[in-house]
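**Q** Before I ask anything, let me first share the structure, which is written out below as structure tokens.
The values are calculated or read from the model by the stated rules, or taken from the named source; none is laboratory data. Only a predicted model underlies this, so the values are computations on that prediction, with no experimental measurement involved. With ligands, DNA and RNA removed, areas are computed over all heavy atoms of the protein, side chains included. Shrake-Rupley method; radii C 1.70, N 1.55, O 1.52, S 1.80 Å.
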Amino acid sequence: MKGKSALRFTPVVDDSQARPFADLQEQLDIIQDNGMTAFDIRSVLFSKMLDLHNVPKDHYLRDLDTPERLDDPSIIEQLNAMGFYRTRQYAVH
């Protein structure tokens, strides 16, 4: 590790679809290099999660703080309990 930049690591993915993950990592690096913080990215991902569950734009959930862990299953359970379900499949671009 001595002499290597800790900020630049090539993503390692053991699967046949590794190129899309590497492309996504490169895009995220560009976004962060342009000043967007990891917290900002997490907030955008939470907003996208609400979009995928068809939460209206003016719903109070969109005004809440972004959860610390977006992979917490209780978030989806809460959305489902409120009547919000992921009904469409979206392509990842």
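**Q** Given 10 Å bins starting at zero, what is the percent of C-alpha pairs of the range 19-78 in each, up to the one with the largest pair distance?
**A** Using 10 Å bins, I get a P(r) of 19, 44, 31, 6 for the range 19-78.
**Q** Sort Ile41, Ile76 by accessible area with a 1.4 Å probe, largest first.
**A** So, going from the largest accessible area down, we get Ile76, Ile41.
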